[in-house]
Amino acid sequence: MDPQTRSKLDSYLRLLHRHRVYDDFVRVWDQHIAAPALTRVNALIEEWVKPGAIVLDAGAGTGKRTLAILQHSQPEEVIALDASEAMLAVAKSKIHDPRVRFGQGDVRHLPFADNTFDVVVCTWVIEIMDDPRAVVQELIRVIKPGGTVIYAFCSLLEGTLGNILKYVMAKSSSKKESPLTHLLSKEEQPFHRCDSASLTRFAGGLTTVATVGKCCTVTDEFVACRVREPQAMLK
Ligand SMILES: C[S@@+](CC[C@H](N)C(=O)[O-])C[C@H]1O[C@@H](n2cnc3c(N)ncnc32)[C@H](O)[C@@H]1O
């Protein structure tokens, strides 16, 4: 694992082991700041995870979204994958459903064949990656044709509030106490428009929930869909 990723993971471990604040932070995040976005994520899980589906929770952390998947759908199997053993240990201590399997792995290089999952859920992960678009592309690789990637991320607010937030984050990340070292700017937000995609912003643009399908590419925001785009462009 490269040093930068290791250092980001280390910041989570510090929170988990030394300060024991991670779960408190997640509680405030889930119940207040990100509540509308998570309501949307849950609705998308209900919509897209059909009974018997095989689902990946990519960057599962302490298992919050894995539990939401179990609560809002009837999957056959959920793989909860995270790079951090410590996070997975917490998730394992909370989730005892036989449909859930836990695995250590990197969302940038998923240890799964193409077209493995019906749905991939990935919440609050891509914004801590150096190349968020590449991660979403990797998530698309492992969904089956007709499958869906549901992902949520924090975004960079514009204007004064955004500048204040950037300042606070720079301060806290310089102390290496916060995992929130980076919020995605407009240019970094992986998404493009097509019929199988959706994007909804919440909290004044602080959080975003998106879906993309197998036909989607995130390499160029304006090439909406590999399958349909050439025809549409010719007309
Ligand atoms: C903010 S937490 C989100 C956890 C969970 N998805 C949720 O909604 O509560 C980010 C998670 O990404 C994991 N992570 C960071 N880099 C990763 C990587 N390269 N591959 C897999 N997981 C990673 C961290 O260990 C952490 O558990």
Given 37 °C and 0.692 mPa s, compute D for the stretch 39-105 with the Stokes-Einstein relation, Rh being the Kirkwood radius over Cα pairs; round to the nearest whole µm²/s. 281 µm²/s
For the peptides 82-90, 59-67, what is the packing order when you average, over each peptide's residues, the other Cβ atoms within 10 Å and list the highest mean first? 59-67, 82-90
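Bear in mind these aren't lab numbers, they're just calculated from the coordinates by the rules spelled out. None of these values were measured; they are calculated from a predicted model. Methodologically, a virtual Cβ is constructed for each residue, glycine included, from the backbone with ideal geometry; neighbour enumeration extends over all protein chains shown.
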